[in-house]
Structure formats: C-alpha cells, structure tokens
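What follows is a set of notes on a single structure, which appears directly below.
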Amino acid sequence: MEIEPLFDDEFAGAPAKRILAKLLKHKEEGRSIVGTYCGYAPLEIFRSLGLVPAVLCAFSNGTVAAGEAVLPSNLCPLIKSSLGFIETDTCPFFSISQVVIGETTCDGKKKMFELIADRRPLYVMDLPQLPDREGALQHWIGVVKEMTVFLEKTFDRSSSADAFEAAIRDANERNEMVMKIFSYAALNPPVLHWSEMLDLVFLATPLSGKELKEILTEKISVLDERVKAGVYFGGADAPRVLITGSPLAGDSAKVYRCISEEGGVIVGIDSCTGFKPFNSRIAEDTGDPLTAIAARYLNIPCSCMTPNTRRLEEISRLIEITKPDVVVDVVLHACHSYNIESSKVERHVREKHGIAFLKVVTDYAAEDVGQIRTRIGAVLEIAKGKR
C-alpha cells in the first residue's frame, strides 16, 4: 500500500524549498536571519533577540569539487560541501543570513570558518571538549554570553532574563513535540519513515514551538490514523535499525535508502540530523537562564567530546526505546573523532546489548552505493537469524 507522505500539504516539495519560504517570510516581516552549521548553536539565544536560525547548506556532493579547489581533497565531505556552497553562491540560506555562528567541533570546520570570515559577520564558539573537567561549564557560559553580546551589538538590540525564559519554554515545547513525532518510528511496526524524520528535523530547527504546534498537532493525528489503519513501513518482520554517527542528509542519506531497499526499517536516528538537537530539556525558572541554556548544550554527546561516555549512555537509552535488531554507525570520510570512537560504540552495542553492529565509512559520492547495500543486506540477514 502506498502511504501518503506526512508533509503533503503546504510544505509539499523539497524540504529546503519549504523551509526557505518560511525564512523569506520572516525576513519580509523584518526579522533577521542567523546562519548555523551545528547543533551546539544555542537557538534560544537567537529567539530571545527576535532572530531566526537557518541551517546552512552542507550535504551535497555537487559542491564538493568547488570546496576541494580551496580545501584538501582528503577532508570531510561535509566541510568541503559547506565551503563549496559558499564559493559557488548556491546556498540560499547563506544568502539570506546576516551573520554566521560557528563552533570548534573539529579542526577542519574551525579553519574553514577562517576562510569565510570576510563573507559575513562571524562568531566562532569555543567549545570545551572535556565537558566534565572543572571549569568547562564556566568557560562555556562565558562563550554563550560573549556570543549574545556579539548578536546584540550586530543587530542593535538587547534581550532580558524574561525573554531568555520565554525562549527556553518555547524550546522545551518544541522539543517535546518533535520527540513525540519521532516516537512513531519506534513503534513495532514503525509508522514514521526515515525521510519524514529528516524533514521534521530541518523543519523544526528554524521554527519556534509556537509555529510548529499547529503543524505537528495535525501530523500527530495523521500518524495516529496510520496506527489505527495498520499502515506501516517495511514488512511486518523487517529488521529494525538504529542509526548513529556522523550527521547525514542530502546525498549522504544514500545509507538510509540502502537500508530501506534491503528490507530494513529505520527506527531511530542518533545524530545531529536526528534526535540529538531535540532529546533533552533546558531547566526552566532557575533564575539564571543563560547558565541553564549553556548547561544543556554542553551535555550534547558529539564525538568531539572526551571521554564521550554520554554518547554510549544515549545509545543505550535509545536501544531500550527503539528495540533495534542492528545498530549502523555511519562515519563520513576524514571524520576522525567519529571513526576512532566507532570501536567503543561497537564494543558497547555488542557486549552490553548483544545487538548486531555495522560500521559504514562513506562520503557524498554514489560510487559506493552497491558495496554499502551488500554489506547492509548481509548484516540484516544476520540480525534476522538471531531472532
């Protein structure tokens, strides 16, 4: 049975187009746009100042060559694609952004930001990467405050504790709604498709909780109808897959397609283009909202953190919720922190949970699709045999 897409109304078409339309409307209404690349950018600060976040382009193989004209060819494809979009002036989100907020999650991105510093006003957040060490949180609070001052000066506006608290409450409401939608992928069988999860992530990032509420309330009704009608994705006995690792979207979503084509169903996405930006709350009414915001973001378990025990804890939590048969760890070429950490993830998944594991190292090109499909097919068969 063909299932009607979840986002089939006024948001029909490519996700980038419908998000761009929303952002352009905001800009016409006089609101300013802040471009970001990473889940460590504290969106609540932007919203407390009346600014709108936009996720900048980073997921197309088509701009990698332009990036390689400046950057080393053996660099991460996400960084090469990001710069390539700017060099070719083909990222509409960058075009409408008045400033860019970066972060020091990896050396490649950190140096790439130097190359675009003359294109837009730029603030690079210095992220402490030993988050449990004494002084790490205080350092990060200072960075968040400094970034807030940068935005206030750039846009000639100021925020307040009340505005910060309102943004926190809005973010918590938004995150709760997004995770409610994601929970439909964890059903057995799942009634939410992986492409719908990606659409939701990219739709939810620039929109406030208030903007999302009307949209997602209706979508939850659609998903409830799927449950009642017995409409779901994959076969009734399809192997369930939890994705972890590098952020995937656009051309790197080929891994998701291979899983679907080999008969698997994706029941969770543990990455920055999945659950990570939405799966925790910010403490409300603490009397120190900037500290509450900073503390929440410092707890995000990116592989740049060390020791990254929080990632293993989060994977265990998601395994309990999604009940996967296989964990697939996807690592982008030259993403050294995720690549090195993969051995710890594999040991954790196999020894603690007894679940099949597959590591996939790839880039944005299509040449390895056949190999990926073969390897995924093999691990799905192994998982089915364990049932």
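The values are calculated or read from the model by the stated rules, or taken from the named source; none is laboratory data. Owing to the predicted nature of the structure, the values given are computational and were not obtained by experimental measurement. No Cβ is skipped: glycine too gets one built from the backbone with ideal geometry, and neighbour counts run over all protein chains shown.
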Inset, instruction - State the number of residues belonging to the stretch 315-351 that are acidic (Asp, Glu), under 18 Å from LEU248 (Cα atoms) and out of contact with any helix residue (DSSP H, G or I) (no Cβ under 6 Å at 6 or more places or on another chain). - result: 1
Legend entry - Among (1) hydroxyl-bearing (Ser, Thr, Tyr); (2) more than 18 Å from GLY268 (Cβ to Cβ); (3) not in a loop (DSSP other than H, G, I, E, B) - the single one SER183 does not satisfy: (2)
Inset, instruction - Among the numbered conditions (1) of a type in the set (Ser, Thr, Tyr); (2) more than 24 Å from the chain's Cα centre (by Cα); (3) under 23 Å from GLY39 (Cα atoms), tell me where TYR338 comes up short. - result: (2)
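Out of LEU122, LEU127, which single residue is within 23 Å of HIS336 (Cα to Cα) and among the aliphatic types (A, V, I, L, M)?
When all the criteria are applied, what remains is LEU127.
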Legend entry - Out of VAL379, VAL369, sole residue that is touching a Cys at 6+ places or on another chain (Cβ under 8 Å) and within 28 Å of ASN74 (Cβ to Cβ): VAL369
Inset, instruction - Look at PHE59 and say whether it is of a type in the set (Phe, Trp, Tyr), in contact with a Ser or Thr (Cβ under 9 Å, 6 or more places away or on another chain) and within 27 Å of SER208 (Cα to Cα). - result: yes
Inset, instruction - Within the stretch 15-33, track down each residue that is at pLDDT below 75 and either within 25 Å of TYR232 (Cβ to Cβ) or more than 22 Å from the chain's Cα centre (by Cα) (or both). - result: PRO15
Legend entry - Within the stretch 147-156, considering residues that are of a type outside the set (A, V, I, L, M) and either at pLDDT below 95 or loosely packed, with under 13 Cβ neighbours inside 10 Å (or both), the one farthest from ASN308 (Cα to Cα): ASP156
Legend entry - Check on PRO247, assigned to a loop (DSSP other than H, G, I, E, B) and crowded, with 22+ Cβ neighbours inside 10 Å: yes
Legend entry - Considering residues of the stretch 225-244 that are more than 9 Å from VAL191 (Cβ to Cβ), within 26 Å of the chain's Cα centre (by Cα) and not in a strand (DSSP E or B) only, the residue modelled with the lowest pLDDT: GLY234
Legend entry - Residue under evaluation LEU192, criteria (1) touching a helix residue (DSSP H, G or I) at 6+ places or on another chain (Cβ under 6 Å); (2) surrounded by fewer than 22 Cβ atoms within 10 Å (Cβ to Cβ); (3) under 18 Å from TYR232 (Cα atoms); (4) not hydroxyl-bearing (Ser, Thr, Tyr), criterion not met: (2)
Inset, instruction - State the number of residues belonging to the stretch 214-249 that are β-branched (Val, Ile, Thr) and in contact with a strand residue (DSSP E or B) (Cβ under 7 Å, 6 or more places away or on another chain). - result: 3
Inset, instruction - Would you please list the contacts, defined by Cβ atoms under 8 Å and residues six or more apart or on different chains, that run from a residue in the stretch 330-347 that is touching a residue at least 12 places away in the same chain (Cβ under 8 Å) to a residue that is small (Gly, Ala, Ser) and in a helix (DSSP H, G or I)? - result: VAL330/SER252; VAL331/SER342; LEU332/SER252; ALA334/GLY108
Inset, instruction - Report, by residue number, each residue of the stretch 39-83 that is over 16 Å from the mean Cα position of the chain (by Cα) and among the polar types (S, T, N, Q). - result: SER48, ASN61, THR63, SER73, ASN74, SER81
Legend entry - Candidates ILE293, ILE282, ILE266 - the one that is closer than 21 Å to MET179 by Cα and in contact with a strand residue (DSSP E or B) (Cβ under 6 Å, 6 or more places away or on another chain): ILE266
Inset, instruction - Name the residue, out of VAL379, VAL330, VAL361, VAL326, that is surrounded by 21 or more Cβ atoms within 10 Å (Cβ to Cβ) and either of a type in the set (Ser, Thr, Tyr) or within 30 Å of GLU103 (Cα to Cα) (or both). - result: VAL330
Inset, instruction - Could you tell me whether any residue of the stretch 117-132 is assigned to a helix (DSSP H, G or I) and either within 21 Å of the chain's Cα centre (by Cα) or under 14 Å from VAL34 (Cα atoms) (or both)? - result: no
Inset, instruction - With respect to SER260, determine if the residue is part of a helix (DSSP H, G or I) and either at pLDDT 95 or above or under 16 Å from the mean Cα position of the chain (by Cα) (or both). - result: yes
Inset, instruction - Output the number of the condition that THR273 fails; it satisfies all remaining conditions of (1) closer than 19 Å to LEU318 by Cβ; (2) in contact with a strand residue (DSSP E or B) (Cβ under 8 Å, 6 or more places away or on another chain); (3) of a type outside the set (Phe, Trp, Tyr). - result: (2)
